[in-house]
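Reading through the structure tokens given below for one structure.
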Amino acid sequence: MPKTKEFRTDFVHIEFFISETPDKDRVLQDIYVDATGPELSSHPPGSLAAAGHVYPLESSSQVKRGGTTSEEKKTLVYPPKYATAVGAPKVPISLHSLLLAEVDLLPRALILCFQEKRGQGPSYWCQIQLCTHTNAQIYSMDEWKNAICKVDRSARGFKVGFAFKFQTHVLAFVTIDILVQLMVYGKDCSNHSHRFKRLLSQYKSCIDSHPSGTLWVHKHGAPGAPYDVFEPDYIQQALVHNDLLLGALIFGDDAWKHLCTKAGLEMDEIKPNTRSILVLVDRSKTWLQLEAYDVLFNGSSGHQGMTSWSRPYVYRISKSNVWSVIPVYPKLSIPDIPDRPCQPLPGVEVELLDNDTRSSLLLQNVTQHWEVYTVGPLDFCGVAQIITGPGGKKIVMACKMDPWHPEYYVQKHILSAATAKLRRNGREKKVLIKKQRQLSSRKFHANKVPLDWIIG
């Protein structure tokens, strides 16, 4: 499931398209899809779908989509209101003059509003739940006809879940279509507030001051004990939610009351269903440096927001990579917990990865090659690729194997992607050997399609 940032990015993208194009250019002309693997055999030989190309749906289409393997839970792509029975005369969707009028955002879905009679008739709402590795792309008609439609689903680098074709553009929801292992990459720098930066610096100084090889017992309020590095901005929505009651647990009752008053928030009321949990927590103590929180959220009272940068560490924990700007406690550190023996707690092994390994895992190291990059919809699926050619000339490829551009750029992308795979496999040699170049060249010619195959 995409994250909030990616949902909002798609929402803003579509909203901008609606606001910047005239109504006449947003009247629905066709609905397109890529056939799934099981669907390919149901299409006649020689058809667009059978060849793996994106194709328009007829009004009798029974094609269903959904983020589940259960057919019962999938829904029809073609709007049921305008569908015709199998065998009945076909009615093009364009005859209904459906205008894309607006877009709305839900926590887990986008909603498109189409209005009949070019905006003068009743509305028809389409709810789209974005599944893993799915995002919205808006193509010009040239990009759609000369790139997306000409490259089949296996060579394109992504699949078209479904697409709405308008007069001058196509709004497509592109997807990998197949569940893959999720690989998480890091960024070289992390942006945060000045307050977070100060707390982080103090925390690091405290950790660095501990002599290595000696046991360090740290307890709440003791001299030299580190404070938690915490920025309320990151959970602002949860802190102002009346039913969650997180503020007093984090800051303690007195400090939370003071911060609420300054922020203009109502003090939490302990409800009966949460009272039994809260009474177990000593809310008179906190591991925060309360003096750092003169205001609750940055951006209020003239405070600046996210303007400082830090370099994250990357740790290997239980075969997984964990990125954090906060260093871990020394191995010989233990908390002083009342009524418990003062001895190291059992835990998992934490390994700090070296700089070379860290560099290989950076987001910037893999985003330039689609084949090795599977983070999420915002940065991956269907995102255009910028290729630099002779003299520094740059072109934008709407998809892999884009036949709209000279062969040089397509071959360069294939070669650079193959080189990236060598790096990912730990090979020191960065340049492809002659045999690999030949294989990449054959891959290009095997996927090349006639330049005169243009979708209507």
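The values are calculated or read from the model by the stated rules, or taken from the named source; none is laboratory data. In this text, all values refer to a predicted model and were calculated from it rather than measured experimentally. Quick reminder, even Gly has a Cβ in these numbers, built from the backbone with ideal geometry, and neighbours come from all protein chains shown. To get the accessible areas, we keep the full protein, side chains included, count just its heavy atoms, and leave off ligands, DNA and RNA. Shrake-Rupley method; radii C 1.70, N 1.55, O 1.52, S 1.80 Å.
Among the listed pairs Lys159/Lys319; Lys64/Lys412; Lys145/Lys393; Lys74/Lys159, a Cα-Cα separation exceeding 28 Å is found for Lys159/Lys319; Lys64/Lys412.
Here the calculated FRET efficiency for Glu407 and Ala225, from their Cβ-Cβ distance with R0 = 60 Å, stands at 0.40, rounded to the nearest 0.05.
Annotation for Lys74 and Thr357: the two label points, set 7 Å from Cα along the Cα-Cβ direction, are 4.2 nm apart. FRET efficiency for the Val217 to Asp253 pair, using the beta carbon distance and R₀ = 25 Å, is estimated at 0.35.
The calculated FRET efficiency for Lys394 paired with Asp142, based on their beta-carbon distance and R0 = 30 Å, is about 0.95. Per-residue SASA remark: Ser47, around 30 Å² accessible (1.4 Å probe; ligands, DNA and RNA not included).
Remark: the stretch 14-27, residue by residue, has Karplus-estimated 3J(HN,Hα) of 5, 4, 5, 4, 5, 6, 9, 10, x, 3, 4, 8, 10, 8 Hz, where x stands for each Gly or Pro and the curve is 6.51 cos²θ - 1.76 cosθ + 1.60 at θ = phi - 60°.
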